[in-house]
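Input: a single structure, listed below in structure tokens.
The values are calculated or read from the model by the stated rules, or taken from the named source; none is laboratory data. Just so you know, these numbers come straight off a predicted model, no measurement behind them. Reconstructed Cβ throughout: ideal geometry from the backbone, glycine too, with neighbour counts over all protein chains shown. We work out accessible area using only protein heavy atoms, side chains counted, and drop any ligands, DNA or RNA first. Shrake-Rupley method; radii C 1.70, N 1.55, O 1.52, S 1.80 Å.
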Amino acid sequence: MNYTRRQVLSLLARGPTPGPELADRLGISRTAVWKHIEALRGRGFEIETGEGGYELTSIPEYGGAAVQLGLEAPYRIEYRESVASTNDVAREFAAAGERDVVVLADEQTGGRGRQSREWHSPSGGIWLSILVEPDLPPARAPLLTLAAAVAVVRAVDSLGVEATIKWPNDVLVEGGSGDELKLAGILTEMTGEADRVSWVVVGIGINANVDRADVGEGATTLRELVGDVDRREVVQRLLEEFHGLLDDPDSIRGAWIDRASTLGREVRIETGSETFEGRATDITAVGALEVETSTGTETVHAGDCEHLRPL
Ligand code: BT5
């Protein structure tokens, strides 16, 4: 949505406003105001005309404009009904030099996990990618994955869903009998030079208003846990939490430790080159996992982690 239209919307969100006042405040003609109002109506915003001027009486349930409205984070929302992968669309924005864009979709037809694994993304879920240029050296960029996981956990807190994080990128919910089911996953992709990150795309998938049968084994959904949720609210909370953490990168590690369930557990680690078991003891300042094995401490920067015993 263009800048002026967003301004019209945020002024209306504060209360009824006469057309001439909108025109004055935005430095545009009354005809231009009317065109923006019509365009907003076309996007599902109900705007009535009364004594006090234009009055916003209802907003669409989900979509770019709905998420943008009242969002307290500096991101521009680009909404698509259906895409192959929001990460791919965000990469196109990155290549065009854009930053601070969030690509949000109702459905993905080619959702990806790590190592090109398939990510089921039926209509009704929360599938989004945040494109940012953080002020961090490349070595610290994995902190963004941790920040995203913390943001997801905090966003679902308000729904009464108690989730924890499995290193590095899984958000899990206890499924009874000690097993842990995957509610959300994160796929971070980046490019940069030796000393500077040029952009990072943090892809986040949350199984929201979707059936458990549609997201595969070992997974759960918000619909299953608490019934259908207001995706707009969840996305706003998620983006605001993520932005807050990014603003203070030194807070990310502690916030992650607070909500992680991996530390202190017996784990099996699979990196591309080796597999080993041990006890996860700590996480480093750059987000690597420390695992105590029978032969010493291993520091794992990237890999798959399996919790070996139930909680
Ligand atoms: C992940 O990979 O968990 C990263 C998922 C990232 C998805 C987001 S959605 C928005 C953005 N656009 C994309 O295309 N991707 C990102 P990984 O740790 O490799 O886990 C993948 C594994 O999770 C699969 O092999 C399945 O076993 C399982 N899985 C697939 N779909 C799932 C789902 N919807 N919920 C839970 N588990 C799923």
Taking the Cβ of T109 as the center, what net charge do the other residues with Cβ under 14 Å away carry, scoring Lys and Arg +1 and Asp and Glu -1? -4
If you roll a 1.4 Å probe over segment 29-110 with all protein chains in place, what percent of the accessible area is carbon or sulfur? 43 percent
In nm, spacing of pseudo-spin labels at E21 and R140 (7 Å Cα→C-beta vector): 4.5 nm
Between E98 and E72, 0.36 nm times their residue separation minus their Cα-Cα distance comes to what? 7.4 nm
Compute the Cα gyration tensor for segment 119-161, then decide on rounded, prolate or oblate, letting a ≥ b ≥ c be the square roots of its eigenvalues: rounded whenever a/c is under 1.5, prolate when a/b is larger than b/c in the other cases, and oblate in all that remain. oblate
If the chain between E290 and V226 were fully extended at 0.36 nm per residue, the gain over the current Cα-Cα distance would be 19.6 nm
With a point put 7 Å past each Cα toward its Cβ, work out how far E174 is from S251 in nm, to one decimal. 2.8 nm
Within the under-13-Å Cβ sphere about G175, not counting G175, Lys/Arg +1 and Asp/Glu -1 give a net charge of -4
For segment 90-129, what class follows from the C-alpha gyration tensor (a ≥ b ≥ c being the square roots of its eigenvalues): rounded when a/c is under 1.5, otherwise prolate if a/b is larger than b/c, else oblate? oblate
Over segment 176-311, with neighbouring protein chains present, the accessible area per residue in Å² at probe 1.4 Å is 47 Å²
Is the C-alpha gyration tensor of segment 8-50 telling us rounded, prolate or oblate? Criteria: a/c under 1.5 is rounded; beyond that, a/b larger than b/c is prolate, otherwise oblate. oblate
Whole-percent carbon and sulfur share, accessible surface of segment 148-239, 1.4 Å: 39 percent
Compute the long axis of helix 86-95 from its Cα atoms, compare it with the longest principal axis of the Cα atoms of the chain, and write down the angle in degrees, 0 to 90, nearest 10. 70 degrees
